[in-house]
Amino acid sequence: SLAEKLQGAFKNLKGKGKLTEKDVKDAMREVKLALLEADVNFKVVKDFIKSVTDRAVGEEVLQSLTPAQQVIKIVNEELTALMGTTQSKLKYASQPPTIIMMAGLQGAGKTTTCGKLGQLLKKDGKKPLLVACDVYRPAAIKQLQVVGEKLDIPVFEMGDQVSPVEIAKKALEHAAYYTYDVVIVDTAGRLHIDEKLMQELIDVKAAIDPTEILLVLDAMTGQDAVNVAEHFNEQLEVNGVILTKLDGDTRGGAALSVKAVTGKPIKYACVGEKLTDIEAFYPDRMASRILGMGDMLSLIEKAQENFSDDKAKKLEKKFKTQTFDLEDFLEQLEQLQKMGPIGDLLGMIPGMNKGAMKDVQVDDKDLNRTKAIIQSMTLKERQEPSIINGSRRKRIANGSGVHVSEVNRLLKQFEQTKKMMKQFGQMEKRMKRGGGGF
Ligand code: GDP
Ligand code: MG
């Protein structure tokens, strides 16, 4: 993978105390190959390597005590910059409704993404309407309706005998009348760009004057996706990109090139077929992911902000001696809560899979119940959770007013956290020992 190749490129640097300009340039040659192999646009790679090299061969870096880390940090920063540096938010119309028009090739994920975005906006308190303007693909309307039903979001359609321009216009009247505040327009795609498709999109755009045109791109298609983006952007002037199928075995090329080539930011990333598999796109997080560090950098930052040295040392000892108990767990949960949802944190750790994260997600309400459960335990039980058998579980459940299954879940969470902390501890050790080896 790209991450492995990049780490390989840095490996030689790490073994050395002091770096020379040649060391850096050798490493950069490897980085360059890795990026090209990941299907990143050639010109983007060239510019990228130049910026990194210019910064990395500076006196400060080469003279520093940890030159390898400095170089990695620069690569990380430049990758982040390449993707736009900061998160690009969705623009809302000053006068509702906000009109979002989807565009993209067939199969890119437009229809699915209409639902995903609707779901996200609905969660945000908006009242979205989906509009079925794909009158060509058989069952395209039905597909959007199924999506809408699952999410309980209404779908406006007029069958497939009316022109997309007409449907879109009528949908806006409908939205105004029923006070929808966001209108998401699904459009038709073709297998390849063709002029008829483009003209139709241009006509729809002219008819409804969208607040945002979002280009849906399949990340699996790498540089092709970027070529498509360039063409669509020339004709339609899109506002941003939604990158789909990032869950697949993508090489990263599309994510890294699209902003640099088109000037348009990636606003959302889709990471699966489920309607909840969408997230806001953060260039810095993506960069760390591409570097194969999970979000280690931000995790370490967060951890440093929240844990005092003392506490961390005490905790580390507990992990090492395997004396981490439920009381520590409770304290940890409170600390982690300050740092954000624990699921996010786990996702930052390289190698943690999503499945494991789901079981460990904690929110405020959960946390208070968790507290109640632990407080219903005897001190001995807290210190030695393995003694909590069936009858004890029942007693604890009764005491804290929860169902036994919640006690079970908590104990499972505890075990998982223990495992995760162990993993984290080992990783930290490796980082210290290996002169910063990620
Ligand atoms: P459209 O032709 O652009 O409207 O694309 P669709 O929404 O019909 O999606 C085409 C296929 O891609 C469907 O099978 C979707 O389930 C799938 N798909 C869409 N987004 C994602 C994603 O983020 N990850 C994965 N794995 N599949 C996706
Ligand atoms: Mg579709």
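The values are calculated or read from the model by the stated rules, or taken from the named source; none is laboratory data. Please read these numbers as outputs of a predicted model, since none were measured by experiment. Cβ sites come from the backbone with ideal geometry, for glycine too, and all protein chains shown count toward neighbours.
Yes or no: Leu172 touching a residue at least 60 places away in the same chain (Cβ under 8 Å), away from ligand 1 (no atom under 15 Å from the Cβ) and surrounded by fewer than 22 Cβ atoms within 10 Å (Cβ to Cβ)?
Values: touching a residue at least 60 places away in the same chain (Cβ under 8 Å): yes; away from ligand 1 (no atom under 15 Å from the Cβ): yes; surrounded by fewer than 22 Cβ atoms within 10 Å (Cβ to Cβ): yes.
For Leu172, the condition - touching a residue at least 60 places away in the same chain (Cβ under 8 Å), away from ligand 1 (no atom under 15 Å from the Cβ) and surrounded by fewer than 22 Cβ atoms within 10 Å (Cβ to Cβ) - is met.
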Can you report the number of residues in region 109-156 which are buried (at least 20 other Cβ atoms within 10 Å of the Cβ) and among the charged types (D, E, K, R)?
3
Would you mention how many residues in region 149-180 are more than 13 Å from ligand 2 (Cβ to nearest atom) and under 29 Å from the mean Cα position of the chain (by Cα)?
7
What single numbered condition from (1) of a type in the set (Asp, Glu); (2) touching a strand residue (DSSP E or B) at 6+ places or on another chain (Cβ under 8 Å); (3) within 28 Å of Val146 (Cβ to Cβ) fails to hold for Glu273?
(2)
Can you tell me which residue is farthest from the chain's Cα centre (by Cα) among those in region 93-147 that are part of a loop (DSSP other than H, G, I, E, B), free of Cβ contacts under 8 Å to residues at least 40 places away in the same chain and more than 13 Å from ligand 1 (Cβ to nearest atom)?
Gln95
Can you tell me which of (1) within 16 Å of ligand 1 (Cβ to nearest atom); (2) more than 28 Å from Gly272 (Cα to Cα); (3) out of contact with any helix residue (DSSP H, G or I) (no Cβ under 7 Å at 6 or more places or on another chain) is the one Gln199 doesn't meet?
(1)
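Output yes when any residue across region 212-228 is more than 24 Å from Ala255 (Cβ to Cβ), modelled with pLDDT of 95 or more and either assigned by TED's automatic domain parsing to the domain that holds Gly109 or not in a strand (DSSP E or B) (or both), and no when none is.
So the first thing to find is which residues in region 212-228 are more than 24 Å from Ala255 (Cβ to Cβ), and the list is none.
Scanning region 212-228, I find no residue that is more than 24 Å from Ala255 (Cβ to Cβ), modelled with pLDDT of 95 or more and either assigned by TED's automatic domain parsing to the domain that holds Gly109 or not in a strand (DSSP E or B) (or both), so the answer is no.
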Collect the residues in region 77-107 that are among the aliphatic types (A, V, I, L, M) and within 26 Å of Leu291 (Cα to Cα), keeping them in residue-number order.
Leu79, Ala81, Leu82, Met83
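In region 61-119, what residues are within 16 Å of ligand 2 (Cβ to nearest atom) and on the phi > 0 side of the Ramachandran plot? Let's see the steps before the verdict.
The initial filter retains those residues of region 61-119 that are within 16 Å of ligand 2 (Cβ to nearest atom), namely 100-118.
Listed by number, the residues that qualify are Gly104, Gly107, Gly109.
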Among the residues of region 130-148, is there at least one that is more than 16 Å from ligand 2 (Cβ to nearest atom), at negative phi and assigned by TED's automatic domain parsing to the domain that holds Ala269?
no
So Ser88 passes all but one of these: (1) among the polar types (S, T, N, Q); (2) surrounded by fewer than 16 Cβ atoms within 10 Å (Cβ to Cβ); (3) touching a Pro at 6+ places or on another chain (Cβ under 8 Å). Which condition number does it fail?
(2)
Go through Thr66, Thr53 for me and flag whichever is surrounded by 14 or more Cβ atoms within 10 Å (Cβ to Cβ), of a type in the set (S, T, N, Q) and over 30 Å from Gln223 (Cα atoms).
Thr66
